[in-house]
Amino acid sequence: MKNQPFVIDYPIQLNDISADGRMRSWVIFNYLQDAAGRHADLLGLGLKQLRSSNLSWVLSRIRLQMDSF
């Protein structure tokens, strides 16, 4: 698992798509935040694991650059 990318598939819901057929930007950020939490869980650094030590993590900054939809 070391140096392997973390990959997760999300089913796209109808309300995730705008009238022009593109995914809404806030939906992409929600998926990325969820993926960060799931990845932390997988690494043993999720909120449940850290809570016992009165610790937590925060996704404080996110930047997304898309070359095309």
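The values are calculated or read from the model by the stated rules, or taken from the named source; none is laboratory data. Everything quoted here is computed from the prediction, not taken from an experiment. With ideal geometry, Cβ positions are generated from the backbone for all residues, glycine too; neighbour counts draw on all protein chains shown.
Scanning segment 10-55 for residues that are free of Cβ contacts under 8 Å to residues at least 12 places away in the same chain, of a type in the set (S, T, N, Q), farther than 21 Å from S68 by Cβ and surrounded by 10 or more Cβ atoms within 10 Å (Cβ to Cβ) yields one hit, Q49.
The set of residues in segment 22-35 that are modelled with pLDDT of 90 or more and small (G, A, S) contains only A35.
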